[in-house]
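Worksheet: the structure to be examined is printed underneath.
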Amino acid sequence: MASNSQSPPLEILVRGPEQFSLWTGPPFADGQPAVKLDKVNCINAKFSDDGSKLMVTKSNSLITVYDCNTAKEIRAFEVPNVVAATLSPCGTYLQTFQKPSAPQEKNVTLWKIDTGAPVYQQSQKNMTKGNWPAIQFSSDEATACRLATNEVQFFDTGDFSKGVTIRLRVPGVAAAELSSSPGSHVAAFVPESKGVPASVQIFASGNASQSQPVARRSFFRCSTTQLKWNHGSTGLLVVVQSDFDKTNQSYYGESKLCYLTTDGMHEGLVPLRKDGPIHDAQWSYSGLEFAVVYGFMPAKATLFDKKCNPLLELGTGPYNTIRWNPKGKFLCLAGFGNLPGDMVFWDYIDKKQLGTTRAEWSVTSEWSADGCYFMTATTAPRLQVDNGIKIFHYNGSLYFKKMFDKLYQVDWKPESPNKFGDIAELIKSLNLVQLEDKKPAGQGPPKSTQTSVKASSANPQAQKPAAYRPPHAKNAAAIQAQLLGETPSESMSKNALKNKKKREKQKEKKAASDASSS
């Protein structure tokens, strides 16, 4: 295997319309994945954050939990009219939301998986992406809280039967985000009301005496926010979105990016060098730097350190997505959704590009826990055709591709990146596998992909990507040719080429006649 013998194997969950399977690898023997668990009936499946448990929704009233080490079912829960369910980060609890059949019915339940018993219940009228899960946990499950009217409420995680033990009063609070590792702070968003601007405030977790925020930022023209904590819980990125753009430059409103720190050193806007929307902002796994893709297309991408100083410019192009490698050193900058699917792989430590490629129609994308592979997937219901999986090496060369009639979900099984060796050593062994196992089997990446990666590695500062144009533009073919690195003649139609040659001949004849007459 490519990874060290002490490292856990990589696994992939693949779910179709009615069943899921668990694959082992990569690397794949003979170019094809081995199957650890095959064709289990389900309507949904999700891993716990630490990868120890797998929750499988089998019907609208039956949820089973699997042990990921043994792939065996360990507990089944009968929950009538279940609408949503999730596991706590370490797989200790299952949280379910049932369709309420009566007002004030306690329809949110926290179940202890070991015993199968409910440990806490509450009522909740409706479920949205913003208020689910109702009870938030820190990554070690030492801290848990919930949002209530004008309050953020904390539990004693050793004994949920005590109910709410600490109430943090935040008048008008509409959203709260608990920091994950550790769960030392909570960020609260209060929308604009009666002329008072919206605000984001940071409080110390579970401390009733700490009623004053440790950091605060106010915003005018703010409709919604995204709150993103770093690993270490020292910094918070706030993407502020307003429905109306006063400059009339964007139909979709305007967005800003703010940065707050728990030590109160930073409470302001991130200095971005281009006007336009914030497409994506993501912390690295170390929590020491963050990257932002921003501005009108072609978008700009910049890396910042935790003091908000620019570290590295990643150029401009048709991008809206950032994915940091969990082992550090690498990142992928991509343009998915309504963009053509261009991907650029960077070594941000050595400040060079490793390779460029494309994964059209990608709906999901993520690095493997060992940092060696990057997987993209085209899934339903977002896209009903061309469903499939692509797995790339860390430098953008295509390693594996499989198409499906219908594909609904593809996830790496989560693992702590610390369980794997140093990224430089992992890559060395990966290259050996590629040379020894892949080429004789004829399963290596296509020649064109290998060539493009090789060329870009030899010349790290790759050409600046061409400006993005919508696909229906008249000169779409020429733009596509630029993005693919072709010369205009390569992308011209036969007629266009013929006409071009004709014009050139006419010019030559005219020049010759002019010369003879003179």
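The values are calculated or read from the model by the stated rules, or taken from the named source; none is laboratory data. What you see is a predicted model, and the numbers here were worked out from it, not measured in a lab. Positions of Cβ are backbone-derived with ideal geometry, glycine not excepted, and every protein chain shown enters the neighbour counts. Surface accessibility is based on the protein's heavy atoms, side chains included, excluding ligands, DNA and RNA. Shrake-Rupley method; radii C 1.70, N 1.55, O 1.52, S 1.80 Å.
Laid out as a table, the results:
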| quantity | calculated |
| --- | --- |
| Which listed residue is crowded, with 20+ Cβ neighbours inside 10 Å and on the phi > 0 side of the Ramachandran plot, from 328, 287, 371 | 371 |
| Tally, over segment 143-164, of residues that are touching a Phe, Trp or Tyr at 6+ places or on another chain (Cβ under 9 Å), farther than 17 Å from residue 191 by Cα and surrounded by 14 or more Cβ atoms within 10 Å (Cβ to Cβ) | 8 |
| So residue 7, is it in contact with a strand residue (DSSP E or B) (Cβ under 8 Å, 6 or more places away or on another chain), of a type in the set (Gly, Ala, Ser) and not assigned by the TED database to the domain that holds residue 382 | no |
| Segment 263-281, subset within 23 Å of residue 204 (Cα to Cα) and open to solvent by 30 Å² or more (accessible area, probe 1.4 Å), residue modelled with the highest pLDDT | 269 |
| Pair list, Cβ under 6 Å, 6 or more apart: segment 374-401 residue touching a residue at least 12 places away in the same chain (Cβ under 8 Å) and at positive phi, other residue open to solvent by 20 Å² or more (accessible area, probe 1.4 Å) and of a type in the set (S, T, N, Q) | 396/357 |
| Checklist (1) surrounded by 20 or more Cβ atoms within 10 Å (Cβ to Cβ); (2) of a type in the set (D, E, K, R); (3) modelled with pLDDT of 95 or more applied to residue 366, failing item | (1) |
| Flag for residue 213 being of a type outside the set (A, V, I, L, M), open to solvent by less than 50 Å² (accessible area, probe 1.4 Å) and within 26 Å of residue 164 (Cα to Cα) | yes |
| In segment 30-54, the residues that are in a loop (DSSP other than H, G, I, E, B) and touching a residue at least 12 places away in the same chain (Cβ under 8 Å) | 33, 42, 43, 48, 49, 50, 51, 52 |
| Filter pass, residue 88 being small (Gly, Ala, Ser), open to solvent by less than 10 Å² (accessible area, probe 1.4 Å) and outside the structural domain of residue 393 (by the TED database) | yes |
| Within segment 55-95, strands (runs of 3 or more DSSP E) holding 3 or more residues that are more than 25 Å from residue 146 (Cβ to Cβ) and either among the polar types (S, T, N, Q) or touching a strand residue (DSSP E or B) at 6+ places or on another chain (Cβ under 8 Å) (or both) | 62-67, 72-78 |
| Selected residue [open to solvent by less than 60 Å² (accessible area, probe 1.4 Å), at negative phi and at pLDDT 90 or above] from 201, 241 | 201 |
| Evaluation of residue 112 against (1) within 24 Å of residue 262 (Cβ to Cβ); (2) surrounded by fewer than 21 Cβ atoms within 10 Å (Cβ to Cβ); (3) in contact with a helix residue (DSSP H, G or I) (Cβ under 9 Å, 6 or more places away or on another chain) (one fails), failing number | (1) |
| Enumeration of residues in segment 116-133 that are touching a strand residue (DSSP E or B) at 6+ places or on another chain (Cβ under 9 Å) and assigned to a loop (DSSP other than H, G, I, E, B) | 116, 117, 123, 124, 127, 130, 131, 132, 133 |
| Verdict on residue 142 being touching a Ser or Thr at 6+ places or on another chain (Cβ under 7 Å) and outside the structural domain of residue 49 (by the TED database) | yes |
| Residue, nearest to the chain's Cα centre (by Cα), within segment 53-84, restricted to residues that are surrounded by 15 or more Cβ atoms within 10 Å (Cβ to Cβ) and farther than 22 Å from residue 37 by Cα | 84 |
| Any hit, segment 4-25, residues being hydrophobic (A, V, I, L, M, F, W, C) and either in a loop (DSSP other than H, G, I, E, B) or open to solvent by 60 Å² or more (accessible area, probe 1.4 Å) (or both) | yes |
| Of the criteria (1) open to solvent by 20 Å² or more (accessible area, probe 1.4 Å); (2) at pLDDT 90 or above, which one residue 223 fails | (2) |
| Verdict on residue 343 being in contact (Cβ under 8 Å) with a residue 40 or more places away in the chain, surrounded by fewer than 23 Cβ atoms within 10 Å (Cβ to Cβ), outside the structural domain of residue 258 (by the TED database) and among the hydrophobic types (A, V, I, L, M, F, W, C) | no |
| Matching residues, segment 346-363, being under 24 Å from residue 407 (Cα atoms), open to solvent by 20 Å² or more (accessible area, probe 1.4 Å) and either part of a loop (DSSP other than H, G, I, E, B) or among the small types (Gly, Ala, Ser) (or both) | 360, 361, 363 |
| Selected residue (criterion: farthest from residue 164 (Cα to Cα)) from residues of segment 96-115 that are assigned to a strand (DSSP E or B) and free of Cβ contacts under 8 Å to residues at least 24 places away in the same chain | 98 |
| Enumeration of residues in segment 168-198 that are open to solvent by 40 Å² or more (accessible area, probe 1.4 Å), among the hydrophobic types (A, V, I, L, M, F, W, C) and part of a loop (DSSP other than H, G, I, E, B) | 174 |
| Pair list, Cβ under 7 Å, 6 or more apart: segment 212-226 residue outside the structural domain of residue 277 (by the TED database), other residue crowded, with 19+ Cβ neighbours inside 10 Å and in a loop (DSSP other than H, G, I, E, B) | 214/262; 215/262 |
| Meets criteria (open to solvent by 10 Å² or more (accessible area, probe 1.4 Å), outside the structural domain of residue 91 (by the TED database), hydrophobic (A, V, I, L, M, F, W, C) and under 15 Å from the mean Cα position of the chain (by Cα)) for residue 385 | no |
